[in-house]
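The values are calculated or read from the model by the stated rules, or taken from the named source; none is laboratory data. Note that the structure is a prediction, hence the values are computed from the model and not measured. Don't worry about glycine lacking a Cβ; one is built from the backbone with ideal geometry, like all the others, and counts go over all protein chains shown.
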Amino acid sequence: MQVSFIIPLYNCLPLTRACVASLQATLPAGLEHEIILVDDGSNDGTREWLQTLSTPFRTLLNERNLGYAGANNRAAAHARGECLFFLNNDLVLLPGWFEPMHAILRTRPEAGLVGNVQLHAGSGAIDHTGVYFNHQGKPVHDTTRPWPARLSGCRSVAAMTAACFGIRRDLWNRLEGFDPEFINGCEDIDLCLRARAAGNRNYVSLRSRVRHHISQSPGRKQHDEQNTLRLFLRWRDEIARLAAHDWSRRFIELHWDQSFVFDDALGRCALGYWLHLLPTPPARILAGVQQSITRELARWSALLPGRA
């Protein structure tokens with residue numbers, strides 16, 4: 001089996017049917033595959049619709065709601081494909097989306113997670129070309145498409161959304177899948193950081209595009225603060241390193257009209273790192289990012305007593 005497509009479901013049946021139709025219409029002829037639909041407690045007719053499906057579909061019905069991480073982990077445990085592709089049920093898959101992502105997984109042995117360009121389903125605006133950490137250390141969707149990366153067709157990224165990504169099954173198993181302690185948020189960023197820590201590189205294919213309705217699942221944003229706090233506590237030092245570039249950009253932006261940028265050691269460090277003249281973030285920059293993270297932790301201490 002070449003590929004297992006995994007789609008977790010929780011209500012939103014019209015979106016699910018449109019997603020599945022677009023998936024079947026865009027897969028290359030002859031691809032050996034299965035489509036695993038795991039229902040996480042829908043009550044809108046989804047389960048009745050699932051009973052009408054046959055090969056290449058496989059269906060799993062959770063007895064209780066396991067959440068995004070748990071539902072995907074259960075489906076992946078049943079998957080038989082060499083590559084696993086995880087898809088949100090609010091995607092509209094466009095012609096040619098699959099092949100570039102699959103090619104990266106097949107030809108780059110260092111590849112960890114492989115994502116793609118995601119367009120807002122309504123406006124068509126770019127919503128995602130990867131995820132970076134901003135000057136506060138928070139994960140943010142990148143909406144740019146850098147020119148140099150167009151030559152190779154992909155870009156290396158720190159992280160990506162799990163709305164549409166592929167991964168080799170052996171790596172997924174080594175990483176032990178999503179951490180179910182994250183509740184419908186940040187489990188994708190955590191998985192990306194674990195892939196990096198294991199020596200892999202995460203990529204976004206710039207030749208693969210999908211449309212995404214974005215956060216349509218009920219309750220999607222309810223645990224954002226708790227999830228981000230958990231991510232910070234687990235990856236604080238790594239997040240500081242990854243956020244150093246945007247912190248440098250922000251520092252220069254705030255001080256550009258002052259000679260301080262050029263005359264002060266911190267300003268010179270920020271400028272050098274932002275221009276990629278320094279291979280690693282200087283200690284002065286990391287200290288600045290850590291101060292931003294400390295402020296966020298103080299906010300969380302007030303918002304979520306006993307957790308920060």
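Just checking, which of Leu13, Leu66, Leu27 is touching an Asp or Glu at 6+ places or on another chain (Cβ under 8 Å), touching a residue at least 40 places away in the same chain (Cβ under 8 Å) and buried (at least 16 other Cβ atoms within 10 Å of the Cβ)?
Sole residue among the options that is touching an Asp or Glu at 6+ places or on another chain (Cβ under 8 Å), touching a residue at least 40 places away in the same chain (Cβ under 8 Å) and buried (at least 16 other Cβ atoms within 10 Å of the Cβ): Leu66.
Report, ordered by the first and then the second residue, all pairs with beta carbons closer than 7 Å, sequence separation of six or more or different chains, a first member in region 185-206 that is in contact (Cβ under 8 Å) with a residue 24 or more places away in the chain, and a second member that is of a type in the set (S, T, N, Q) and in a helix (DSSP H, G or I).
Gly185/Asn227; Cys186/Asn227; Cys186/Thr228
Kindly list the number of the only condition in (1) assigned to a helix (DSSP H, G or I); (2) buried (at least 18 other Cβ atoms within 10 Å of the Cβ); (3) touching a strand residue (DSSP E or B) at 6+ places or on another chain (Cβ under 9 Å) that fails for Ile6.
(1)
Check region 293-302 and report whether any residue there is more than 17 Å from Lys138 (Cα to Cα), at pLDDT below 90 and either in a helix (DSSP H, G or I) or within 26 Å of the chain's Cα centre (by Cα) (or both).
Yes, that holds for at least one residue.
With the condition kept exactly as written, say whether any residue in region 257-264 is at pLDDT below 95, under 30 Å from Asp40 (Cα atoms), polar (S, T, N, Q) and out of contact with any strand residue (DSSP E or B) (no Cβ under 7 Å at 6 or more places or on another chain). It would help to see each step written out before you state the result.
Just the residues of region 257-264 that are at pLDDT below 95, to begin with: 257-264.
Going one step further and asking which of them are under 30 Å from Asp40 (Cα atoms), we end up with none.
The answer is no; no qualifying residue exists.
Residues of region 150-173 being assigned to a loop (DSSP other than H, G, I, E, B) and of a type outside the set (Ser, Thr, Tyr), which ones?
Passing the criteria: Gly153, Ala158, Met160, Ala162, Ala163.
Among the strands (runs of 3 or more DSSP E) lying completely within region 23-94, list those that include at least 2 residues that are more than 24 Å from the chain's Cα centre (by Cα).
Result: 57-61.
Return only the number of the condition from (1) surrounded by 18 or more Cβ atoms within 10 Å (Cβ to Cβ); (2) polar (S, T, N, Q); (3) without any contact (Cβ under 8 Å) to a residue 12 or more places away in the chain that Ser54 does not satisfy.
Of the numbered conditions (1) surrounded by 18 or more Cβ atoms within 10 Å (Cβ to Cβ); (2) polar (S, T, N, Q); (3) without any contact (Cβ under 8 Å) to a residue 12 or more places away in the chain, the odd one out for Ser54 is (1).
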